[in-house]
1. Take the residues in the range 160-198 that are among the polar types (S, T, N, Q) and more than 21 Å from residue 63 (Cβ to Cβ), then tell me which one is modelled with the lowest pLDDT.
2. Here's a check for you: in the range 6-35, which residue that is surrounded by 20 or more Cβ atoms within 10 Å (Cβ to Cβ) and aromatic (Phe, Trp, Tyr) is farthest from residue 209 (Cα to Cα)?
3. Would it be correct to say that residue 167 is without any contact (Cβ under 8 Å) to a residue 24 or more places away in the chain and under 23 Å from residue 16 (Cα atoms)?
4. Checking residue 205 against (1) under 16 Å from the mean Cα position of the chain (by Cα); (2) under 16 Å from residue 33 (Cα atoms), which single condition isn't satisfied?
5. Among the listed residues 155, 159, 182, 116, which satisfies the condition of being surrounded by fewer than 20 Cβ atoms within 10 Å (Cβ to Cβ) and in a helix (DSSP H, G or I)?
6. Check whether at least one residue in the range 61-74 is among the acidic types (Asp, Glu) and either touching a His at 6+ places or on another chain (Cβ under 7 Å) or part of a loop (DSSP other than H, G, I, E, B) (or both), and report yes or no.
7. Pairs, please: C-beta under 9 Å, at least 6 apart or cross-chain, first residue touching a residue at least 40 places away in the same chain (Cβ under 8 Å) and in the range 141-159, second charged (D, E, K, R) and part of a loop (DSSP other than H, G, I, E, B)?
8. Read through the list (1) in a helix (DSSP H, G or I); (2) of a type in the set (A, V, I, L, M, F, W, C); (3) surrounded by fewer than 15 Cβ atoms within 10 Å (Cβ to Cβ), then give the number of the only condition that residue 171 fails.
Amino acid sequence: MRDSLMLVRLLQLSSPALPIGAYSYSQGLEWMVESGAVRDAASLKTWIADLLHNVMTHGEVPVLWRLLDAAERGDGDRFAEWNAWFRASREGAELQAETLQMGGSLCKLLADLDVLDDFAQTQIATCAPVTLPAAFALAARAWDIPSTDAVTAYLWTWLENQVLAALKAMAIGQVAGQKLLLSLGTAIPAIVDAARQREDDDISSFAPGLAIASARHETQYSRLFRS
C-alpha cells in the first residue's frame, strides 16, 4: 500500500495538470522553429536529444540529485548551495524567470496542500527565490518519493513538455509526438544513472546553443511561449 501511494504521489507531481505553468515554456524551442533550424520531426528529435544528453545530463539533473540528497538528509547548507548554483547557472532572463516562477509556484502549491515539514519551510524561506529543481526535491521529500523515481519523473516531465511545445509550435501531429516520446524516453534511465555519478567539479551549464535560442526568443515578434 505504501509503494502504491508513493506511485500515486509521483504521478501527481509529474502530471501536466500540476498548476505550476510548465505548459507556457518552450526553452528556446519556439525560436528554433521560427528560425527554421527545427522544421520537422527529425530535426526536432535532434534538438531535444541534444538537450537531453548535453544539457540535462551534465547540469540540471546532477544538481537535482544533490538537492534530493540534501533534502533527504536535512542538510540545509548543501541544499542552499545547490539551489544558488542552479539559479546562477541560468544564462538568460527567460531561463532564469522560468525556473524561479515554476519553483515558486510549486512551493506555494505544496504550502497550500499543507505537506511541508519544518525543514522544507525553512529552506523555502532562507533560499528564496527557490528554483524548480529545489522545489521538486522538497516535494519528493514531502511525499517520500525515492530519489531515482523523482529524477526519472523530472526528466520525463521535461521531455513531455518539450514535445507538447513542439505540437503547438509546428505541424508534426500527435502520432509523431508519441513516437518521439517513445524513442527519446528510452534514454532516460541511462541519463538518470550518468547524472548520479557525475562529480561536483564536472557539473556544467555550458550550452551556448540553448542560451542563444532563449535570448533571441526574448525579442521574437510573435510567440506562444514565455521562453
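1. Applying the filter and picking the extreme gives 174.
2. That would be 25.
3. yes
4. Unmet for residue 205, out of (1) under 16 Å from the mean Cα position of the chain (by Cα); (2) under 16 Å from residue 33 (Cα atoms): (2).
5. On the way: 155 fails: surrounded by fewer than 20 Cβ atoms within 10 Å (Cβ to Cβ); 159 fails: surrounded by fewer than 20 Cβ atoms within 10 Å (Cβ to Cβ); 116 fails: in a helix (DSSP H, G or I).
Of the residues listed, the single one that is surrounded by fewer than 20 Cβ atoms within 10 Å (Cβ to Cβ) and in a helix (DSSP H, G or I) is 182.
6. So the first thing to find is which residues in the range 61-74 are among the acidic types (Asp, Glu), and the list is 69, 72.
Going one step further and asking which of them are either touching a His at 6+ places or on another chain (Cβ under 7 Å) or part of a loop (DSSP other than H, G, I, E, B) (or both), we end up with none.
Checking the range 61-74: not a single residue is among the acidic types (Asp, Glu) and either touching a His at 6+ places or on another chain (Cβ under 7 Å) or part of a loop (DSSP other than H, G, I, E, B) (or both).
7. Matching pairs, first to second residue: 141/117.
8. Of (1) in a helix (DSSP H, G or I); (2) of a type in the set (A, V, I, L, M, F, W, C); (3) surrounded by fewer than 15 Cβ atoms within 10 Å (Cβ to Cβ), only one is false for residue 171: (1).
The values are calculated or read from the model by the stated rules, or taken from the named source; none is laboratory data. If you're wondering where the values come from, they're calculated on a predicted model, not measured in any experiment. Virtual Cβ from ideal backbone geometry, glycine too; neighbours counted across all protein chains shown.
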